[in-house]
Structure formats: structure tokens, C-alpha cells
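Notes follow once the structure below has been shown.
The values are calculated or read from the model by the stated rules, or taken from the named source; none is laboratory data. None of the values given here were measured: they were computed from a predicted structure. Heads up, the Cβs are rebuilt from the backbone with ideal geometry, glycines too, and the neighbour counts pull from every protein chain shown. Heavy atoms of the whole protein, side chains included, go into the accessibility calculation; ligands, DNA and RNA do not. Shrake-Rupley method; radii C 1.70, N 1.55, O 1.52, S 1.80 Å.
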Amino acid sequence: MNIEVKFGEISINNTKYFDDVIIRSNFAVERRPKERSSSLRSKYGHTPLTWEEIKDIVESEKPEYLVIGTGFLGAMPILGVVEQAEALGIKVITEKTGRAVDEFIKLINEGRRTVGVFHLTC
């Protein structure tokens, strides 16, 4: 899998995305459903990543790892996700998006069942 990321854009196998994305363990890519958390945006200044956004994916896929890219400055708040995932026995890695992409690629190259969530701006 080839992933390149820059502020506001991620290219996955030569397809460009301009919204935050989730990469499933089978490498399917989908837009992050931020609307599930958008009511919290005014409180945090950013739309936080919440368990509600990724619960269905994580529970159905049962990944070994969940990698979260928190943005280029690391500004995306994460609410309840780490605790919920760890309670299911999933190892969680949170890093600024560039590093998170590197970790994601490393894990999938090792054959680890991994889901990635990547915030593309702040």
C-alpha cells in the first residue's frame, strides 16, 4: 500500500482524498463520519474523534491495532476512543498524522490487522 500525506490531502494507492479518512483492515478507504461528532466542534475548536464514529468498524473488524493520526499539529481531540478500544484488547497508537501514516504502513507490512483513522489538517 502506497500512502502519501500532506496538509489537507492524502493519496492512497494514487487516489487522492481531501477529507479525513478511515482505512479498514482490508484496505478499503472511506470518509471519516465526522457528522457523528460535529455537535462537539464548538466546544473543542475542532471536530473530535469519538467512539461513535468508529465503533461499528472497530467492533466488526476486531483489529489488533488502531492507528490515529491527530493532524499535522496534533490538534484533533480524541474522546473515549482509546479507552473503548483498549477495553476490547486493541492496541492504540496516536501520533501526528505523518508519523501515524508511517506506523500504519509499518504495521500492515508486518501483517498486523490494523485500522487507521487520519485527520488531514490541524
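With a simple spin-label model that places each label point 7 Å from the Cα along the Cα-to-Cβ direction, the separation between PHE18 and ALA87 comes to 3.8 nm.
Principal axis analysis of the Cα atoms in the range 1-68 yields extents of 36, 29, 16 Å, listed in decreasing size.
Summarising the amide proton neighbourhood of VAL92: residues at separation of 5 or more, or on other chains, whose placed amide H is nearer than 5 Å comprise LEU66. Going 7 Å from the Cα of GLU95 toward and past its Cβ, which residues in the range 11-45 have a backbone nitrogen under 17 Å from where you end up? Only 11, 23 fall inside the zone, counting backbone N under 17 Å.
Computed from backbone phi with θ = phi - 60° and the Karplus coefficients 6.51, -1.76 and 1.60, the 3J(HN,Hα) list for the range 74-83 is x, 8, 6, x, 10, 10, x, 5, 4, 4 Hz; x is used for glycine and proline. Quick check: Cα centre of the range 10-49 to Cα centre of the range 52-122, how many Å? Each part reduced to its Cα centre gives a spacing of 11 Å. Surface composition of the chain: carbon plus sulfur atoms hold 45% of the accessible area, using a 1.4 angstrom probe and ignoring ligands, DNA and RNA.
The residues of the range 8-66 present an accessible area of 54 Å² per residue when probed at 1.4 Å with all protein chains retained.
Between ASN2 and ARG113, the C-beta separation translates, for a Förster distance of 25 Å, into a calculated FRET efficiency of about 0.80. Its alpha carbons considered, the chain gives a radius of gyration followed by a Dmax of 13.1, 39 Å.
Helical runs (DSSP H, four residues minimum) scored at -39500 (n - 2.57) apiece and divided by the length of the chain put the mean residue ellipticity at 222 nm at -8000 deg cm²/dmol.
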